[in-house]
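So the structure is just underneath, and the comments pick up after that.
The values are calculated or read from the model by the stated rules, or taken from the named source; none is laboratory data. It should be emphasised that the depicted structure is a prediction, and the values quoted were computed from it without experimental measurement. Quick reminder, even Gly has a Cβ in these numbers, built from the backbone with ideal geometry, and neighbours come from all protein chains shown. With ligands, DNA and RNA removed, areas are computed over all heavy atoms of the protein, side chains included. Shrake-Rupley method; radii C 1.70, N 1.55, O 1.52, S 1.80 Å.
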Amino acid sequence: MKKRIYIAYTGGTIGMQRSPNGYVMMEGFAQLIEEKIPPRISGEMPEYDLHEYPTQIDSSNILPADWLTIAQDISARYDDYDGFVVLHGTDTMSYTTSALSFMLKGIGKPVIITGSQIPLSEIRNDAQDNLVTAIELACDFNIPEVCLYFNGRLLRGNRSLKVKATGFDAFDSPNYPWLAQIGIHIELNQRALLDTSPSTAFELPHNYNARHVVPLRLFPGISSQLIDAVLTLPYRGIILRTYGVGNAPDNDPELLRAFERASAQGKVVLNLSQCLQGGVHQGSYATGSALTNAGVISGGDMTIEAAFTKLHHLFSCGHSAEQIRTEVQRNICGEISETQ
Ligand code: ASP
């Protein structure tokens, strides 16, 4: 039986056109596909249904509620399709893939998110290959997780990062092997795929739009006043972007006391490295151990996108700060290495 694929089109460069103000969204993506993907190619493609969201957006405008909408759409159609493709802007694509991975935890079918750096409407573009390959991956392969496909790389969604603003090879997963390399052949890295029993007990909380988490990047000279100013805001999770393996200055007692105050107020303070590769080891230096003593917990080798959406998801599911301190350090769907 011919397989069926569901394509959710959210917007992004892939469906844009030039304007005097730069690229803008254009109407009629389904027609564009027909024009741009010649019948000799489209004839070989699986059957797909394209769902164009009523308002397509530059992904810089995305909100957590939009992540929930996409997850709900996939969940509602889970039994009707063999695989799912989400077309999305590249700027916040890794946030969306990460958020979907938590909401659709245990999914037994491929969910492949892609987009492009040059619109499909342009003669020279990376959109056609990304689109066609994403559909093929969603159709022909047993990939039981949320992934990001871009320029020959299939990456675990919650390990992916946009690493280049303009290159076609815009995405990578510095802390996890690629799930597949796509050249002439599609080489699936079977051992890197998630190995969990599929389940459709997805976690789709009612309200996903409350603002729960704020990232705070350390810089030389950062003051306790800045931390205290952030503490007055109603965020319940703070992601502290620290140096190297998770270090922060330990020669400013006020700064450390500010972190202690945050934990005492029931906020979850998660330590994440500013480095692209590797992760947090809070015990490696005294400067890291001081954070442990101040109640800060390690985010291991998670990306900022994974950490942000994981905390957001856990808060949206209504867990207490205490539960979240444990859960956020646990491997839920391949987003964090167990031993580092
Ligand atoms: N600004 C665009 C977006 O994220 C960039 C892209 O799609 O490549 O929607």
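Things worth noting here:
- MET25 vs. criteria aliphatic (A, V, I, L, M), within 16 Å of the ligand (Cβ to nearest atom) and either surrounded by 23 or more Cβ atoms within 10 Å (Cβ to Cβ) or in contact (Cβ under 8 Å) with a residue 24 or more places away in the chain (or both): yes
- The stretch 231-268, residues that are without any contact (Cβ under 8 Å) to a residue 60 or more places away in the chain and within 20 Å of the chain's Cα centre (by Cα): ILE238, LEU240
- Evaluating SER284 against the criteria (1) small (Gly, Ala, Ser); (2) over 24 Å from GLY318 (Cβ atoms); (3) open to solvent by less than 50 Å² (accessible area, probe 1.4 Å) leaves one unmet condition, (3).
- Residue count for the stretch 207-223, restricted to those that are open to solvent by 80 Å² or more (accessible area, probe 1.4 Å) and not in a loop (DSSP other than H, G, I, E, B): 1
- Residues located in the stretch 244-259, provided they are closer than 19 Å to LEU233 by Cβ and surrounded by 17 or more Cβ atoms within 10 Å (Cβ to Cβ): LEU255, ALA258, PHE259
- For the stretch 77-94, the set of residues classified as surrounded by fewer than 24 Cβ atoms within 10 Å (Cβ to Cβ) and under 16 Å from the mean Cα position of the chain (by Cα) consists of THR90, ASP91, THR92, listed by residue number.
- Out of ASP79, ASP91, sole residue that is within 16 Å of the ligand (Cβ to nearest atom) and out of contact with any Pro (no Cβ under 9 Å at 6 or more places or on another chain): ASP91
- Restricted to helices (runs of 4 or more DSSP H) entirely inside the stretch 224-340, those with at least 1 residues that are of a type outside the set (Ser, Thr, Tyr) and under 25 Å from ASP195 (Cβ atoms) are 304-316, 321-327.
- Test: residue in the stretch 59-72 that is among the β-branched types (Val, Ile, Thr), within 11 Å of the ligand (Cβ to nearest atom) and open to solvent by 20 Å² or more (accessible area, probe 1.4 Å): yes
- Yes/no for ASN151 being more than 20 Å from ILE304 (Cβ to Cβ) and more than 11 Å from the ligand (Cβ to nearest atom): yes
- Filter result (at pLDDT 90 or above and either touching a strand residue (DSSP E or B) at 6+ places or on another chain (Cβ under 8 Å) or within 16 Å of the ligand (Cβ to nearest atom) (or both)) within the stretch 36-58: TYR48, ASP49, LEU50, HIS51, GLU52, TYR53, THR55, GLN56, ILE57, ASP58
- Scanning the stretch 127-146 for residues that are among the acidic types (Asp, Glu) and more than 19 Å from THR96 (Cβ to Cβ) yields ASP129, GLU136, ASP140.
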